[in-house]
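Beneath this line is the structure, given in structure tokens, with notes to follow.
The values are calculated or read from the model by the stated rules, or taken from the named source; none is laboratory data. In this text the structure is predicted, and so the values were computed from the model without any measurement. Cβ: placed from backbone, ideal geometry, glycine included. Neighbour counts: every protein chain shown. To get the accessible areas, we keep the full protein, side chains included, count just its heavy atoms, and leave off ligands, DNA and RNA. Shrake-Rupley method; radii C 1.70, N 1.55, O 1.52, S 1.80 Å.
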Amino acid sequence: MCGIVGILGRQPAAPLLLDALKRLEYRGYDSAGIATLVNGGIERRRAEGKLANLERVLEEEPLPGTVGIGHTRWATHGAPTRDNAHPHQAGGVAVVHNGIIENFQALRDELIAKGHRFETETDTEVIPQLVSHYLEQGVGPAAAAAAALKRLEGAFALAMLFAGHDDLLIGARRGSPLAIGYGDGEMYLGSDALALAPLTDRIQYLEEGDWAVLKPRGATVY
């Protein structure tokens with residue numbers, strides 16, 4: 001089972017994300033990755049295999065930024081390669097995902113017909129591509145995420161990061177658990193409380209079908 005962690009913080013996020021992912025290693029995984037916001041843009045570091053490989057990548061190419069998302073992946077659609085590792089990005093949105101998007105092929109075909117280009121073999125990539133499509137229509141991140149979530153069929157927990165929005169994370173849960181952590185001017189997302197244990201003891205689990213907009217001072221759950 002894959003692992004998710006997200007941090008909307010005030011200190012370098014990558015080391016905290018890596019540490020949180022290590023606490024989720026018990027779930028099993030075959031690749032891992034982290035994305036953060038750097039000068040308003042999304043930067044990613046990903047690696048196949050164990051977290052030690054991702055740690056080496058981060059040592060060679062440090063990843064600054066105080067807002068980020070991380071993931072340990074157990075391959076379902078697509079081989080356990082670097083390119084198929086999460087986070088996946090399209091346009092100004094990056095996504096990590098636990099679960100399976102059952103209608104991904106139909107959504108992929110629709111988006112390709114509209115000019116979108118896919119880079120992976122995964123079902124997950126349709127999510128940032130779809131959110132990016134709605135962003136291109138001129139709506140904001142929350143509205144784009146809401147529109148995309150209505151189109152998804154299957155089971156998922158999601159964390160989304162948006163370029164140019166260093167005060168925002170969005171999470172969603174359908175059929176796969178996701179928790180929100182509350183800090184002092186900082187907010188967190190995690191597959192379970194264990195991932196967030198050193199960061200906060202104030203945890204709220206999303207209910208089935210919930211999605212949430214996280215800001216530095218709190219969360220709004222829909």
Report summary line: Taking the range 20-38 and keeping residues modelled with pLDDT of 95 or more and open to solvent by 10 Å² or more (accessible area, probe 1.4 Å) leaves LEU37, VAL38
**Report entry** Filtered residue count, the range 5-19, keeping only those that are buried (at least 17 other Cβ atoms within 10 Å of the Cβ), outside any loop (DSSP other than H, G, I, E, B) and not β-branched (Val, Ile, Thr)
**Finding:** 7
Query - Pairs, first on the phi < 0 side of the Ramachandran plot in the range 139-158, second among the basic types (Lys, Arg), C-beta under 7 Å, six or more apart - result: ALA155/ARG174; PHE156/ARG174; ALA157/ARG173
Requested in this report: Tally the residues that are in contact with a strand residue (DSSP E or B) (Cβ under 8 Å, 6 or more places away or on another chain), open to solvent by less than 30 Å² (accessible area, probe 1.4 Å) and more than 18 Å from PHE156 (Cα to Cα), restricting the search to the range 102-142.
Outcome: 4
Report task. Report yes if VAL131 is part of a helix (DSSP H, G or I), within 27 Å of LEU196 (Cβ to Cβ) and under 16 Å from the mean Cα position of the chain (by Cα), otherwise no. Result -> yes
Requested in this report: Identify, from the list VAL57, VAL67, the residue that is under 22 Å from GLY91 (Cα atoms) and either more than 17 Å from the chain's Cα centre (by Cα) or open to solvent by less than 30 Å² (accessible area, probe 1.4 Å) (or both).
Outcome: VAL67
Report summary line: In the range 104-118, anything touching a helix residue (DSSP H, G or I) at 6+ places or on another chain (Cβ under 8 Å) and more than 16 Å from ASN84 (Cα to Cα) is listed as LEU107, LEU111, LYS114, HIS116
Report summary line: Of the residues in the range 181-212, those that are open to solvent by less than 20 Å² (accessible area, probe 1.4 Å), touching a residue at least 40 places away in the same chain (Cβ under 8 Å) and in a strand (DSSP E or B) number 5
**Report entry** Boolean, GLU43 is part of a strand (DSSP E or B), at pLDDT 90 or above and open to solvent by 50 Å² or more (accessible area, probe 1.4 Å)
**Finding:** yes
Query raised in the report: Right, ALA94: under 14 Å from ALA159 (Cα atoms), surrounded by 23 or more Cβ atoms within 10 Å (Cβ to Cβ) and touching a Leu at 6+ places or on another chain (Cβ under 6 Å) or not?
Result: yes
Query raised in the report: Mind checking whether some residue in the range 104-126 is small (Gly, Ala, Ser), at pLDDT 95 or above and on the phi > 0 side of the Ramachandran plot?
Result: no
